[in-house]
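First comes the structure, then the notes that go with it.
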Amino acid sequence: MKSRRHVLSTMSAALIASMCVVGAANAEVGVTDKEIKIGALGVLTGPNAKYGNTVYDGIETVYEEANKSGGIHGRQLVYVREDDRCQAAEAVGAAKKLIHQHKVFMIHGGACSNASLAAKPEIVATKVPWVITASTAPSLTDPVTPHIFTTMLAGWMESYAQVQYAVEKGMKRVAIISQHDNWGRSRYDPLMDAFKLHGIEPVANEEIVPDPADATAIALRIQAAKADAVILVAFPKAAVVAVRDMYKIGYKPFMIGGSTVGDVGLFTKNIGIPGSTDNLHAVSTIGYTADDPAVAKWKKLVEAKYSGDTFNIYHMFGIASGQFVVEALRRAGKDLTRDAFNKAASNLSVNTDVYGGPITCTPTNHQCHNTAAWFGLVNGTTKRLATTTVTR
Amino acid sequence: MQALLARRNIVAVGIIVFAILPTFANAYIVFVANLALMYILLSVGLNMLLGYAGQLAFPNAALFGVGAYTSGLLRLEFDLPYWITLPAGAAFATLIGLAIALPALRLRGLYLALATIAFAQAALWVFGHWNSVTYGGAGFRVPPMDFSPLPLDPSTGIYYLSLIIVLVAVPLGWNIVRSRIGRAWVALRESEVAAETLGIDLTLYKAYAYVISGLYAGTAGALFSALLGIVTPESFDLFQVIVHFCMVIVGGIGSLWGGVLGAVILVGLLEVLRTFRDLQEIAFGGLLLFTVLVVPGGAIAMIKRYLPGWNEPLRRIGKKR
Amino acid sequence: MLAYLLMSGIATGALYAMVAIGLVLVYRSTGHINFSHGELFMFGGFIAYTFFVILGVPYFLSLILAVIGGFVLGVLSDRAVYRPLIKAPPLTMVLATVGFSFFLKGIARYFWGSMEGGDYVAFPAAMDPSPIPIGSINVFPQQLLILAGAIVFVVGFTIFFRMTRAGKMMQATSENPTAAYLSGIRVERVYTLTWGAGSAIAAAAAVLMAPMTLLSPDVGFQLLLKAFAATVLGGLGSMPGAIVGGLLVGILESLGGGYIHSGVQDVSAFIVIIIVLVLRPAGLFGVRNIRDT
């Protein structure tokens, strides 16, 4: 019929035309003249959302700042988030959706390590550039894959730093309180390696559940072992209870915490007992506390963009990583391809506003963040005590 | 028109769609379809225990996990090929299903529910703490499946393997529920006392229910470990249990084809929920409530009302009040 | 060491007992287990947080307001979830309450989830939190408050059930709903009251517990599992059983964690459930229901 043929020919003309347009504009997947599409893979909901969603809020704030000043070589940054609910199965699905359906240029994200590990094969097979923001599993970037980078301290770094600190402070009897879930193990195993490296053994090795109501049993056992230092590998929910109960039984060891309690002042407020953390130092991925004037600019931007949120260390992960990626995109040049990005990122050192040291990637080392900072309470306020570069 | 939408035809169309999917859909869609196939297995198995036999039991996520861990570990530690690890995983899960059946036989109703929830949590604890065997909380990577001499890459290979297994397992299940075993299940679901007076050996048939649903769950688990390439304890937590139950209820409890439908619907739903971002939990809970309040018979009940050819014998679950 | 472990066990156990009482209350009346009970607990805690921390209302007043709020929430869940499903088989109720629990959890996470930069909020202590020495051990004032609160509530409940008309109506309805109907008791009203009361006592438990631990939308689930263990141990239909069960679970956890291995603390509740159900399903004080077919 005449009308049907007419419709058919119009449609095919349109199809061919659109293919030409698409063909011309999409020199690289996810890149057009106007925008760069970047995907975020990570946990957006549930108890671990701060490692994902909050970090991505920080990243998006950095992207927005870049967009406001004209974007990267005239292209606006568009950020698409997909939830992996901290589960391996979901992560594979989310990665595939970002890569094959959203067709992103690169992936900027990665929260729970097991989820990221599950997504890795797909990302490796499709050669999509990936800058990891919060996953700490070392096997993600070791051995080096040309297009995978991380701006987060490796899990082993905090553990090694903790043991080293204990040794440097002259502690002879060191105990451990650690979570044994997926997150905890990524720090616990290197912790045991670090002990071996220094030729010492923990005098007590206690497990704490992520959601305890009471830790008196743990505190008593460690006290009975006469430990003079306790290394804490726990999230605040557990760490609060542990410190609280050690205080209750009148036991005051030197406590060495990790990033999760890096804001010692906030941690003390959470415990609700002033003075309970006088003897606690914590190592952190971030170089400043959330209310340090040095990061005031970002605090203002984040709290304006996400009203109702309080600026915290998880936003800062995102800000550091965001600054790194923005700079790498800039260096990759106007003719933006995935190869160009990889090359730029593999030879880049960026001094971010929130980390204690620069983010530095080299062709042979994609573990780009290596500087930890120590925090403790000085006269009731959290102060940075030292920075250290961790090696093994 | 109604005859066109008869079950036979819809199922045939479904099979064809699944069979040719990898040729035209992107890798993401194929992955989701593969998950759907796996969940169909789980759902059919669970429906036998829950819907037909009427046992309010929650062990399936744990058995799913046992299947995944067993087949994954065999592949990792001993480098065995898939045609050994898959059946081994399924078999081991079936054994564990039998082991649970023995104490579970004495319990019913809420006691059974609580006992099996406790078992599910205990199993999760074992997965996460038995470091020497299961690698504890960290989980482990499973080397990709090798499908040589067939020219298949791992993901396509797993997809078609899943499809073949489903094409065998679902008709098998259909035969089981229409056989003496299925009728015995319905009898003991409606009234254990009456069933016993009819000479039905309660112990035997309840054990069948646990064992068969364990077989299905274990097979699904083995496929899961191959599909993901990684096995971690959190994949088998209580949320999984809830998802399995949702599939059965949303599809239509006590109906095998309802189970199949429910699996497909729920997998699609979980992907659609992604768009809700922050509000996923609210959406999920709301949907569950909606189904239970508005369409308690599940999707199957709605379909049956309008289309013939979807009837199944012994479908309705007994009313307790 | 033993004294410390017992004290902690009893304090935690008292909390479990309070949550378990709410669960058993609803079960006895309606024959259903409310799988969203843990979330009702959690929501009560957040309601108190809103009053105490955000609005600056004094602690005890916040406690009372949270209890009232919990009651209202319980009534709502009765109307929205239970009433329409009154004739449904048990599995449907299970799923309905599970769905409701997700719903509540999602709402809590949405409103309070990002308040203090993490998904948890800190609940300040009601009074000076320095430990008080009692005998050879130190005790947190909040722990004493938990014990006192638990005793007050349990005694209050017992009085309510034995002495007041409403309490007697609830008892009658749980014994035999049909007979209760026939004697003019508004059975639906009683159910509503029961749901409200169960939720109210859970809210009270949350407010007592909150200063000791951080409050997050996910605390409900763990508490629910512990409450299950308590009710199973004590016997599913029994109120004194719930109390004794709760205390025992708390003590067993504490002793297990102290003397055996700290990893045991987590799983001991489930082991308890399994052992009890396999060996003696009726629990310690349970009522064997012969009417089940």
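Details
- Identity of the residue in the stretch B:112-129, farther than 11 Å from residue B:236 by Cβ and small (Gly, Ala, Ser), that ends up farthest from the other protein chains (Cβ to nearest Cβ): B:113
- Scanning the stretch A:213-265 for residues that are touching a helix residue (DSSP H, G or I) at 6+ places or on another chain (Cβ under 7 Å) and without any contact (Cβ under 8 Å) to a residue 12 or more places away in the chain yields a single hit, A:217.
- Consider the stretch B:20-29 and keep the residues that are open to solvent by less than 40 Å² (accessible area, probe 1.4 Å) and over 16 Å from residue B:227 (Cα atoms). The one that is farthest from the other protein chains (Cβ to nearest Cβ) is B:21.
- All conditions but one from (1) surrounded by fewer than 21 Cβ atoms within 10 Å (Cβ to Cβ); (2) closer than 20 Å to residue A:148 by Cα apply to residue A:345; the one that does not is (1).
- Filter pass, residue C:81 being within 14 Å of another protein chain (Cβ to nearest Cβ) and either buried (at least 21 other Cβ atoms within 10 Å of the Cβ) or not in a helix (DSSP H, G or I) (or both): yes
- Candidates C:116, C:175, filtered to the one that is closer than 22 Å to residue C:20 by Cβ and at pLDDT below 80: C:175
- Pairs with Cβ under 7 Å, 6+ apart, first in the stretch B:92-112 and in contact (Cβ under 8 Å) with a residue 60 or more places away in the chain and under 24 Å from residue C:283 (Cβ atoms), second outside any loop (DSSP other than H, G, I, E, B) and open to solvent by 70 Å² or more (accessible area, probe 1.4 Å): B:105/B:203
- Residue in the stretch B:125-142 that is most open to solvent (accessible area, probe 1.4 Å), counting only those that are of a type in the set (Gly, Ala, Ser) and over 23 Å from the mean Cα position of the chain (by Cα): B:132
- Any hit, the stretch A:108-117, residues being under 21 Å from residue B:30 (Cα atoms) and touching a Phe, Trp or Tyr at 6+ places or on another chain (Cβ under 7 Å): no
- Number of the exception - residue A:80 against (1) more than 30 Å from residue B:222 (Cα to Cα); (2) touching a residue at least 12 places away in the same chain (Cβ under 8 Å); (3) not in a strand (DSSP E or B): (3)
- Leading residue by the ranking (farthest from residue B:265 (Cα to Cα)) among those in the stretch B:302-321 that are crowded, with 18+ Cβ neighbours inside 10 Å and modelled with pLDDT of 65 or more: B:312
Listed here are the residues, each with its yes/no results for (1) modelled with pLDDT under 90; (2) hydrophobic (A, V, I, L, M, F, W, C); (3) surrounded by 21 or more Cβ atoms within 10 Å (Cβ to Cβ); (4) in contact with a helix residue (DSSP H, G or I) (Cβ under 6 Å, 6 or more places away or on another chain).
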| residue | (1), (2), (3), (4) |
| --- | --- |
| A:290 | yes, yes, yes, no |
| A:302 | no, yes, yes, yes |
| A:305 | no, no, no, yes |
| A:310 | yes, no, no, no |
| A:329 | no, yes, yes, no |
| A:332 | no, yes, yes, yes |
| A:382 | yes, no, yes, yes |
| A:389 | yes, no, no, no |
| A:392 | yes, no, no, yes |
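- Annotation note: Cβ proximity below 8 Å between a residue of the stretch B:159-187 that is farther than 16 Å from residue B:213 by Cβ and a residue that is among the polar types (S, T, N, Q) (sequence gap 6+ or interchain) occurs for B:159/B:34; B:162/B:34.
- Residues of the stretch C:2-47 satisfying the condition of being touching a strand residue (DSSP E or B) at 6+ places or on another chain (Cβ under 7 Å) and modelled with pLDDT under 90: C:3, C:4, C:7
- One residue alone among A:314, A:355 is within 14 Å of chain C (Cβ to nearest Cβ), under 20 Å from residue A:110 (Cα atoms), touching a residue at least 24 places away in the same chain (Cβ under 8 Å) and in contact with a Ser or Thr (Cβ under 8 Å, 6 or more places away or on another chain), and that residue is A:314.
- Within the stretch C:237-275, the set of residues being among the aliphatic types (A, V, I, L, M), closer than 15 Å to residue C:16 by Cβ and more than 13 Å from chain A (Cβ to nearest Cβ) comprises C:239, C:242, C:243, C:244, C:247, C:248, C:272, C:273.
- Candidates are the residues of the stretch B:143-169 that are more than 18 Å from residue B:79 (Cα to Cα) and aromatic (Phe, Trp, Tyr); the one that is least open to solvent (accessible area, probe 1.4 Å) is B:159.
- Test result for residue C:52, within 13 Å of another protein chain (Cβ to nearest Cβ), farther than 20 Å from residue C:214 by Cα, open to solvent by 10 Å² or more (accessible area, probe 1.4 Å) and of a type outside the set (Ser, Thr, Tyr): no
- So residue B:290, is it facing chain C (nearest Cβ under 9 Å), part of a helix (DSSP H, G or I), at pLDDT 80 or above and surrounded by fewer than 20 Cβ atoms within 10 Å (Cβ to Cβ): yes
- Test for residue B:199: is it open to solvent by 40 Å² or more (accessible area, probe 1.4 Å) and not in a helix (DSSP H, G or I): yes
- Residue ID - nearest to the other protein chains (Cβ to nearest Cβ), chosen from residues in the stretch B:269-284 that are of a type outside the set (D, E, K, R) and open to solvent by 30 Å² or more (accessible area, probe 1.4 Å): B:282
- Filtered by the rule that a residue be in contact with a Lys or Arg (Cβ under 7 Å, 6 or more places away or on another chain) and surrounded by fewer than 21 Cβ atoms within 10 Å (Cβ to Cβ), the stretch B:99-114 gives a lone residue, B:105.
- Residue within the stretch A:88-106 that is among the β-branched types (Val, Ile, Thr) and not in a helix (DSSP H, G or I) present: yes
- Within the set B:241, B:260, B:264, the sole residue that is touching a residue at least 40 places away in the same chain (Cβ under 8 Å) and either within 13 Å of chain C (Cβ to nearest Cβ) or not in a helix (DSSP H, G or I) (or both) turns out to be B:241.
- Count - residues of the stretch A:32-61 that are open to solvent by less than 10 Å² (accessible area, probe 1.4 Å) and away from chain C (no Cβ under 14 Å): 8
- Matching residues in the stretch B:44-81 - criterion: being of a type in the set (Val, Ile, Thr) and over 14 Å from residue B:259 (Cα atoms): B:66, B:70
- Residues (open to solvent by less than 10 Å² (accessible area, probe 1.4 Å) and either more than 10 Å from every other protein chain (Cβ to nearest Cβ) or in contact with a Gly (Cβ under 6 Å, 6 or more places away or on another chain) (or both)) located in the stretch C:214-223: C:215, C:220
The values are calculated or read from the model by the stated rules, or taken from the named source; none is laboratory data. Small disclaimer: the values here were computed from a predicted structure and weren't measured. Note: ideal-geometry Cβ built from the backbone for every residue, glycine included; neighbour counts use all protein chains shown. In case anyone asks, the SASA skips ligands and DNA or RNA and just uses the protein heavy atoms, side chains included. Shrake-Rupley method; radii C 1.70, N 1.55, O 1.52, S 1.80 Å.
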